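What follows is one structure encoded as structure tokens, with my remarks underneath.
The values are calculated or read from the model by the stated rules, or taken from the named source; none is laboratory data. These figures come from a predicted structure and were not determined experimentally. Note: ideal-geometry Cβ built from the backbone for every residue, glycine included; neighbour counts use all protein chains shown.
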Amino acid sequence: MVGVVILVIAATSLARALERSLRAIWHAPSVSIRFAWRWFVVIGLIMVGLAALVAMRTVLIDAGLVPLLEFAMEASVWSGLWWIACWIAVNRRVSLRKLLPGALLAGIGFAVAGQIGRVLLPRLLADAAGRFGVLGMAFTYIGWLLVLASILLISAVIGRVAYLTYAGTAWSRSSNQAVR
């Protein structure tokens, strides 16, 4: 039972950190605790997205599709996942249209990270396990999660700049105010 409580706290901390980061990036107002349901929805979306990716990879491996098509489909799934998850995380205060550039960049970034991770992570984990045991593996996974978090946040920032540039307000004084 204690493990479940710790898992829920850890999972919702991801959603809360995503919310705080996106609010800071988009200058969106904070909301009260009664909207905490969003944290669980974001975590649910991430779990459904991961399950969809695993199922898609299984089907694609059996179908023998070209790697470029596999990459495009993976980037599409990630983009859709982050597009909706970010919209829910900011309590729908930023429109889906404004979140799209960042979500597309995040999807491509996560697909690239997935390709690199498939090659690099097994070697890194084996080396860390050989040198430091389970603790080394844990730190390797934490490091990889930091890489993924960086991809998501950098994509959100670049997405906001891209949207504001496209809208023609990137360097005006109004771009510092809340984006609705």
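Going through Val54, Val42, Val48 one at a time, which residue ends up being of a type in the set (Val, Ile, Thr) and under 24 Å from Val157 (Cα atoms)?
So the residue among Val54, Val42, Val48 that is of a type in the set (Val, Ile, Thr) and under 24 Å from Val157 (Cα atoms) is Val42.
Among the listed residues Ala85, Ala103, Ala156, Ala129, identify the single one that is surrounded by fewer than 18 Cβ atoms within 10 Å (Cβ to Cβ) and at pLDDT 90 or above.
Matching residue, one of Ala85, Ala103, Ala156, Ala129: Ala129.
Condition check: touching a Ser or Thr at 6+ places or on another chain (Cβ under 9 Å) and over 18 Å from Leu148 (Cβ atoms). Does Pro67 satisfy that?
In short, no.
Only one of Arg123, Arg118 is out of contact with any Pro (no Cβ under 6 Å at 6 or more places or on another chain), in a helix (DSSP H, G or I) and farther than 22 Å from Leu50 by Cβ. Can you tell me which?
Among Arg123, Arg118, only Arg123 is out of contact with any Pro (no Cβ under 6 Å at 6 or more places or on another chain), in a helix (DSSP H, G or I) and farther than 22 Å from Leu50 by Cβ.
Under the condition of being within 14 Å of the chain's Cα centre (by Cα) and over 17 Å from Ser79 (Cβ atoms), which residue from region 42-55 is surrounded by the fewest Cβ atoms within 10 Å (Cβ to Cβ)?
Looking at residues that are within 14 Å of the chain's Cα centre (by Cα) and over 17 Å from Ser79 (Cβ atoms), I get Met47.
I'd like to check something: does region 37-46 contain any residue that is in contact (Cβ under 8 Å) with a residue 12 or more places away in the chain and closer than 20 Å to Val112 by Cα?
Yes: one or more hits.
Of (1) surrounded by fewer than 17 Cβ atoms within 10 Å (Cβ to Cβ); (2) under 22 Å from Val161 (Cβ atoms); (3) touching a helix residue (DSSP H, G or I) at 6+ places or on another chain (Cβ under 9 Å), Ser76 satisfies all except one. Which?
Going through the list (1) surrounded by fewer than 17 Cβ atoms within 10 Å (Cβ to Cβ); (2) under 22 Å from Val161 (Cβ atoms); (3) touching a helix residue (DSSP H, G or I) at 6+ places or on another chain (Cβ under 9 Å), Ser76 breaks only (2).
What single numbered condition from (1) touching a residue at least 40 places away in the same chain (Cβ under 8 Å); (2) in a helix (DSSP H, G or I) fails to hold for Arg57?
Going through (1) touching a residue at least 40 places away in the same chain (Cβ under 8 Å); (2) in a helix (DSSP H, G or I) one by one, Arg57 breaks only (1).
Give just the number: which of (1) surrounded by 14 or more Cβ atoms within 10 Å (Cβ to Cβ); (2) outside any helix (DSSP H, G or I) does Ser30 not satisfy?
Ser30 satisfies every listed condition except (1).
Please verify whether region 115-126 includes one or more residues that are crowded, with 18+ Cβ neighbours inside 10 Å and under 29 Å from Val41 (Cα atoms).
The answer is no, given that none of the residues of region 115-126 is crowded, with 18+ Cβ neighbours inside 10 Å and under 29 Å from Val41 (Cα atoms).
Check region 2-22 and report whether any residue there is loosely packed, with under 12 Cβ neighbours inside 10 Å and in contact with a helix residue (DSSP H, G or I) (Cβ under 8 Å, 6 or more places away or on another chain).
No; the residues of region 2-22 include none that is loosely packed, with under 12 Cβ neighbours inside 10 Å and in contact with a helix residue (DSSP H, G or I) (Cβ under 8 Å, 6 or more places away or on another chain).
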